[in-house]
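Comments concern the structure below.
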Amino acid sequence: MRNVIVLGVAQTKFTGPQQKTGVELFAEASSEAIAASRITPADIQALFLGNALGDFCEGQGMIQAFIAQNIGCPGIPANKYDGACASASMAVRDAFMWVASGQYDFVLAGGVERAATMGTPLATRTFAMFSDSRYEFPSGVTFPGVFAMLAHLYAKRYDVPLKLLKEQMATVSVQSYRHGMHNPKAQMQKEVTVEDVLSSFTVATPLQLHDCCPFSDGAAAIVLASEKAAEKLTDKPVYVIGAGQASAGPLAGQKDTLPRIYSRELSSKRAYEMAGIGPEDVDVCELHDCFSIASLIASESLGFFDYGTSGDAWMKGEADIGGKIAINPSGGLKSKGHPIGATGAAQVYEIVRQLREEVESERQVPGAKIGMTDTLGGDGGTLVNMIFKRGW
Amino acid sequence: MEYTLTFDEYNRALKKNRLLGLTCTKCSAVITPPVMICPACGAGDLEVKELSGRGVIQTFTVNFVAPLGRESEAPYTVVMVELDEGPWIMGNLVDVDPAVVNMDIIGKRVRMGETIGARVFPGDAYSAGDACRPLFQFEK
Ligand SMILES: [Zn+2]
């Protein structure tokens, strides 16, 4: 395997419903990423794109082919990935593999989604498609419903009183909103208090509005390159040093480990092993906080905190910048937004900029050398973890 | 290789309040909903087995925001039940007002209701037809 670096990265501002098409959104992000890489579209040899619901939101299937032509890369192989919310992470991981294998020197990877454009009822319906359609959706389970059930299970399994767990979850949201305040690309630019979270309306017990990420429109793109081909293009190479992926079946079929997400444990183990590091080596992590409880569950499965203790860690600031591990300095899905097909690439965007010390000073993790991304699709059906290292 | 228990067979049985699953002839694992290969041992020799429809509530949520087309169902209670035979299954808890459901129901024994209606989600523009789900009530 050859060394692979992330060269240029870009992200559109994540927003609520807006007028730009999926092609337009990704074209914006990719042209910026290509320019930042100091290459031209003609240098790009393949496109790997995450997009989960383009067909439902604007009637556009196979969007990757239209994008390739649109951004000045006609004729290249263009692949689309659907791993629900982890789609772009699958795209980045495969792009990494193709560059590492020696087949390509420059690959464009990323994702785009217009989830907010669908409106809440249709978006809720389509997100629920990432549950088992024939055996579980008939019960009326939704994406918040899945995490709501995990929250009750978490409280029971680890003997955390629900009232305390809700305060811990609110603390997670408050931290994410606070970081998002300083991220100009974030969808939410407001500060909330624990009281605001606990008084917002109930979506699915015990989750309230501010426990849940918004539906979002947006795109993110990155250029991956072989170390050799990029030699003269950057003096701040960020290496991809680990990548893992795993899958799982229906939620009820994961009974042996819930509320832990076993696919995440497999995926992160694969990433840590490839990188030759452990959780204690990670300085900053963008993890999949689609719901406040999801942050608690993820941080434990990734090995940052012991099972059942992460809520306490958040309340003590151990998951904040300056704590044991800086989690979601971007504002996370909660505050930055969650255009599902783009989310994983936006996590990579944040980690690369953190390692290059390019983010706003209020949310910069000082001296971060190793960063990790964690993206979950559906009920854990797809899980991707990637690890990045500062190369100078 | 033949698929031992199809969705259609499972769904038709559930409409008659019969819960079907599989047993693995090699490791004796009980499995539902159906799969091609035993997830416990990797064997493909499975037999259809009728399950009791009884078990213990493991977790739940009362859902207030329903998907498109199902708004009139909300609020409703989704439960995951550990069946006496081992597997967990998702369904609805129906003989309790969602407004009063709280964590006290975790650990309570339930059984599939015998005469409660509305078990079938009739399907929508995005479904391949109807699909039934278990409805649970507390064991008396
Ligand atoms: Zn078996």
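For chain A, with a Gaussian network of springs between Cα atoms less than 10 Å apart, report the residue from A:Pro214, A:Pro138, A:Pro339 with the top mean-square fluctuation. Greatest mean-square fluctuation among the candidates belongs to A:Pro138. Take every DSSP beta bridge with both residues inside the protein assembly as shown and express the antiparallel ones as a percent of the total, to the nearest 5. So the antiparallel bridges in the protein assembly as shown amount to around 80 percent. Size estimate for the range B:1-41 follows the Kirkwood approach: the inverse of mean 1/r over distinct Cα pairs works out to 10.7 Å.
Just check the range A:250-337 against the gyration tensor rule for me: Cα atoms, a ≥ b ≥ c as the square roots of the eigenvalues, rounded for a/c under 1.5, and otherwise prolate or oblate depending on whether a/b exceeds b/c. It is oblate, given that a/c is not under 1.5 and a/b is not larger than b/c.
In chain B, one over the average inverse separation of all distinct C-alpha pairs is 16.0 Å, which is the Kirkwood hydrodynamic radius. Across the alpha-carbon set of the protein assembly as shown, the Rg to Rh ratio works out to 0.98, Rh being the Kirkwood radius.
What part of the accessible area of chain A, given as a whole %, is carbon or sulfur when the probe is 1.4 angstrom?
Working: 6450 of 12610 Å².
The computed percentage sits at 51.
Taking all protein chains as they are arranged and a probe of 1.4 Å, the heavy atoms of A:Lys13 leave approximately 90 Å² accessible to solvent. Computing Rg and the Kirkwood Rh from the Cα coordinates of the range B:14-92 gives a ratio, Rg/Rh, of 1.08. Note on the range A:195-235 and the range A:327-380: Cα centroid distance 7 Å, given to the nearest whole angstrom. Derived scalar couplings between HN and Hα for the range A:204-220 equal 8, 3, x, 8, 10, 3, 7, 7, 10, 6, x, 6, 9, 10, x, 9, 9 Hz in order, rounded to whole Hz, by the Karplus curve 6.51 cos²θ - 1.76 cosθ + 1.60 (θ = phi - 60°), x for Gly and Pro. For A:Lys232, the lysines whose Cα falls under 21 Å of its own Cα, not counting residues fewer than eight places away in the same chain, are A:Lys389.
Just reorder A:Glu273, B:Glu139 by solvent-accessible area, largest first, 1.4 Å probe, all chains present. All intermediate terms of the calculation are to be shown ahead of the outcome.
Numbers: A:Glu273 125, B:Glu139 55 Å².
Ranked list, largest accessible area first: A:Glu273, B:Glu139.
D by Stokes-Einstein for the range A:2-140, Kirkwood Rh over Cα pairs, 10 °C, 1.306 mPa s: 100 µm²/s. Classify the range A:114-183 as rounded, prolate or oblate, taking a ≥ b ≥ c as the square roots of the eigenvalues of its Cα gyration tensor: rounded when a/c is under 1.5, otherwise prolate if a/b is larger than b/c and oblate if not. In terms of gyration-tensor shape, oblate. Going toward the positive end of the dipole of the protein assembly as shown, with +1 on Lys and Arg Cβ and -1 on Asp and Glu Cβ, which of A:Ala342, A:Ala246, B:Thr25 do you reach last? Working it through, the farthest residue towards the positive pole turns out to be B:Thr25.
Residues of the range B:88-113 that bury at least 40 Å² of accessible area once all protein chains are present, compared with their chain alone (1.4 Å probe, heavy atoms only, ligands and nucleic acids left out), are B:Trp88, B:Met90, B:Met103, B:Ile106. These residues, A:Asp196, A:Asp320, go from largest to smallest accessible area, 1.4 Å probe, as A:Asp196, A:Asp320.
What number, in nm² with one decimal, is the all-direction average of the projected area of the convex hull of the alpha-carbon atoms of the range A:1-74?
5.9
Accessible surface area normalised per residue over the protein assembly as shown is 36 Å², counting heavy atoms of protein chains with a 1.4 Å rolling probe. The translational diffusion coefficient of the range A:139-288, from Stokes-Einstein at 25 °C and 0.890 mPa s with a Kirkwood hydrodynamic radius over alpha carbon pairs, comes to 131 µm²/s. Backbone geometry of the range B:14-31 corresponds, through the Karplus equation with coefficients 6.51, -1.76 and 1.60 at θ = phi - 60°, to 3J(HN,Hα) couplings of 5, 4, 9, 6, 10, 9, 9, x, 9, 10, 8, 6, 8, 10, 6, 4, 9, 10 Hz, x marking Gly and Pro.
Near A:Val141: Cβ cut-off under 14 Å, other residues only, Lys/Arg at +1 and Asp/Glu at -1. The net charge is 0. Of the whole protein surface, A:His152 contributes about 0 Å² of accessible area at a 1.4 Å probe radius.
Overall, the range A:130-194 carries a charge dipole of about 120 debye about its Cα centre when +1 sits on the Cβ of Lys and Arg and -1 on the Cβ of Asp and Glu, all other atoms neutral.
Sorting A:Lys156, A:Lys324 by accessible area puts them as A:Lys324, A:Lys156; the probe is 1.4 Å, largest comes first, and only protein heavy atoms count. With charges only on Cβ, +1 for K and R and -1 for D and E, what is the dipole size of the protein assembly as shown about its Cα centre, in debye, rounded to 20? Charge dipole of the protein assembly as shown: 160 debye, to the nearest 20. Here is the tail figure for the range A:28-108: Cα pairs spaced more than 21 Å apart come to 25 percent of all pairs. Using the alpha-carbon positions of the range A:119-159, Rg (one decimal) and Dmax (whole number) come out as 11.9, 37 Å. Heavy-atom accessible surface of A:Ser301, to the nearest 10 Å², is about 10 Å², with a 1.4 Å probe and all protein chains retained.
Computed from the alpha carbon atoms alone, the convex hull of the range B:52-98 holds 82 Å³ per residue.
Using a 1.4 angstrom probe on protein heavy atoms only, the contact between B and A buries about 3200 square angstrom of accessible area, both sides summed. Pairs of alpha carbons in the range A:94-224 separated by more than 22 Å make up 55% of all such pairs.
Rounded if a/c is under 1.5, else prolate if a/b is larger than b/c, else oblate: which is the range A:307-392, with a ≥ b ≥ c the root eigenvalues of its Cα gyration tensor? All intermediate terms of the calculation are to be shown ahead of the outcome.
Numbers: a/c = 1.58, a/b = 1.09, b/c = 1.45.
Since a/c reaches 1.5 but b/c is at least a/b, the shape of the range A:307-392 is classed as oblate.
The values are calculated or read from the model by the stated rules, or taken from the named source; none is laboratory data. For clarity, every value in this text was computed on a predicted model and none was experimentally measured. With ideal geometry, Cβ positions are generated from the backbone for all residues, glycine too; neighbour counts draw on all protein chains shown. Remember, those area values only see protein heavy atoms, side chains included, never the ligands or the DNA or RNA. Shrake-Rupley method; radii C 1.70, N 1.55, O 1.52, S 1.80 Å.
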